[in-house]
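Accompanying notes for the structure given below.
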Amino acid sequence: MAVVAFGLKRNIKSFLKKKLFIYNFYHFNPYYKYLSEKNLIFILHILYLLFAAFVNFFIRIKKDRAVIFFEKKGFYKRILKKNEFPYELFEYLNNDLVNKNRIPIVCHLDNYTFHNKVTLVDSQQHVYEVPELIINKLDQYLRRDQNFDNLIKFYFKTNYRITNLRLWRYLANSQKNLKTEVGCHYDMFPHKTLKIMIYKGFFVKSHAALDIVDPKTGNSIYSIKGKDPIVLLDTNHLYHGAKFPLKDRDTIEITIQPSIRIKKPLYGGFASGHPKNPFKSNQKKEILL
Ligand SMILES: [Fe+2]
C-alpha cells in the first residue's frame, strides 16, 4: 500500500513538473515548491499573478527576436547607449557614496520583506535612499524601452511595476581580505519576478559582470560581457553569480513584479526584497539598521 502511495505521489510530482516547466531555462518551478511549503507570501503572489493575468487577458505581445531569445534562455542583454538614463543613476551612486553622514535605512515601506544581516556583507557599498523623482524617471525609461517593456509583458502576461531599486558598488578584492563574494545562487523571490541588472565597466569572459551557470556542472553557460551591459533576467530560475570584480564595479539592480495595472514604482530600500502581500498598498515606514 505504502509503495503504491509513494508511486502515485511521484507520478503526480512528475506530471506537475511537465506541466509547469514550460520554459527551457526552468530548472525548478516554484509554483509547486512554494505551494507544498505552504509559504503564505509566495502563495499570495501566485494568487495575485493569476488574478492579474485574468484581468490582463487581452494583453497581446509581439513575438519579436528578443522575445524568442528570452523564451529559450531566460535573459536578454544589450549594451547601454551613450547618454541613456542609467548613467544618471551611476552618477547618483558615485556622489552618494562619498557622503559620510548617510543614515542606513534598511527598508522604507511597511508590508515589505527585508533582512538586516547586510552589515556582514563586506564587499558591497549601498545607497540607502533614492529620491522619488529618480525612481519615477527610471519607470518612464523602462516603459519607453520597447524591448524591455515588451519582454516583461510577454513573460508576466500582465502589466508590471518596479518594486525595488538597489544601487551598489561591488568592491574589488585587491587586498584579499574581503569575505563575501557573490557565489552562485537562485534569488528566492516570488514566482515571476524579473531583475534588470546594469553594470558599469568593461567586462570579459574570465571576469564577467555576471555568470549564468549550469546548476549541475557548475560551468558558466553565459557570461555578461562588454562595456556597460544591461541585462533583463529571471534570477529565480537562472543559477547565477559574480566573482570579485577586477576593479570596483557599480551596479544598478531593478526588481520588477507583475501588476494588475500600471502603478507607481515602489522603493523598498537597499536591504529589502518585495511586498509581502501584493494585494495591499505600501505605506512609508523607515526601518533603520
Ligand atoms: Fe542574485
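For the range 168-195, give me the residue count where each residue is modelled with pLDDT under 95 and of a type in the set (Lys, Arg).
Of the residues in that region, 3 qualify.
Can you name the residue in the range 78-120 that is aliphatic (A, V, I, L, M) and surrounded by fewer than 16 Cβ atoms within 10 Å (Cβ to Cβ) and, of all such residues, is farthest from Asp187 (Cα to Cα)?
Keep residues of the range 78-120 that are aliphatic (A, V, I, L, M), which gives 79-80, 89, 93, 97-98, 103, 105-106, 109, 118, 120.
Now drop any that are not surrounded by fewer than 16 Cβ atoms within 10 Å (Cβ to Cβ), which leaves 79, 98, 103, 118, 120.
Numbers: Ile79: 24, Val98: 29, Ile103: 27, Val118: 16, Leu120: 18 Å.
My answer is Val98.
Cβ-Cβ under 6 Å, sequence separation 6+ or interchain: first residue in the range 180-204 and without any contact (Cβ under 8 Å) to a residue 40 or more places away in the chain, partner in a strand (DSSP E or B) and away from the ligand (no atom under 13 Å from the Cβ). Which pairs?
Close Cβ pairs satisfying both conditions: Phe202/Lys227.
I'm checking my understanding of the structure. Among residues of the range 205-223 that are part of a strand (DSSP E or B) and in contact (Cβ under 8 Å) with a residue 60 or more places away in the chain, which one is nearest to the ligand (Cβ to nearest atom)?
Ile212
(1) among the small types (Gly, Ala, Ser); (2) within 14 Å of the ligand (Cβ to nearest atom); (3) buried (at least 17 other Cβ atoms within 10 Å of the Cβ): which one isn't true of Gly226, the others all being true?
(2)
Does Lys157 satisfy the condition of being surrounded by fewer than 23 Cβ atoms within 10 Å (Cβ to Cβ), within 13 Å of the ligand (Cβ to nearest atom) and touching a residue at least 60 places away in the same chain (Cβ under 8 Å)?
no
Do we have Pro275 as away from the ligand (no atom under 16 Å from the Cβ), under 14 Å from the mean Cα position of the chain (by Cα) and either crowded, with 20+ Cβ neighbours inside 10 Å or of a type in the set (A, V, I, L, M, F, W, C) (or both) here?
yes
Please enumerate the residues belonging to the range 231-266 that are crowded, with 17+ Cβ neighbours inside 10 Å, aliphatic (A, V, I, L, M) and either part of a loop (DSSP other than H, G, I, E, B) or more than 16 Å from the ligand (Cβ to nearest atom) (or both).
Within the range 231-266, Leu238, Ile260, Leu266 qualify.
Would you be able to tell me the number of residues in the range 168-195 that are within 14 Å of the ligand (Cβ to nearest atom) and either closer than 30 Å to Phe51 by Cβ or not in a loop (DSSP other than H, G, I, E, B) (or both)? Spell out how you get there, then give the answer.
Looking only at the range 168-195, we keep the residues that are within 14 Å of the ligand (Cβ to nearest atom), and these are 168, 170, 180-189, 193-195.
Going one step further and asking which of them are either closer than 30 Å to Phe51 by Cβ or not in a loop (DSSP other than H, G, I, E, B) (or both), we end up with 168, 170, 182-189, 193-195.
Number of matching residues: 13.
Just to verify a result, which residue in the range 196-220, among those that are modelled with pLDDT of 95 or more and among the β-branched types (Val, Ile, Thr), is surrounded by the fewest Cβ atoms within 10 Å (Cβ to Cβ)?
Once the filter is applied, the top-ranked residue is Val204.
Of all residues in the range 118-146, which are within 27 Å of Phe57 (Cα to Cα) and at pLDDT below 95?
Gln146 - this is the single residue of the range 118-146 that is within 27 Å of Phe57 (Cα to Cα) and at pLDDT below 95.
Between residues in the range 271-289 that are part of a loop (DSSP other than H, G, I, E, B) and residues that are surrounded by fewer than 13 Cβ atoms within 10 Å (Cβ to Cβ), which pairs lie under 6 Å by C-beta distance while being six or more apart or on different chains?
Correct list of pairs: Ala271/His115.
Please name all residue pairs, on different chains or six or more residues apart, with Cβ atoms under 6 Å, provided the first residue is in the range 51-72 and is touching a residue at least 40 places away in the same chain (Cβ under 8 Å) and the second residue is assigned to a loop (DSSP other than H, G, I, E, B).
Ala52/Thr158; Ala52/Ile260; Ala53/Lys157; Ala53/Thr158; Val55/Ile260; Asn56/Thr158; Lys72/Asn24
The values are calculated or read from the model by the stated rules, or taken from the named source; none is laboratory data. Remember, it's a predicted structure, so these values are computed and weren't measured experimentally. So basically every Cβ, Gly included, is an ideal-geometry build from the backbone, and we count neighbours across all protein chains shown.
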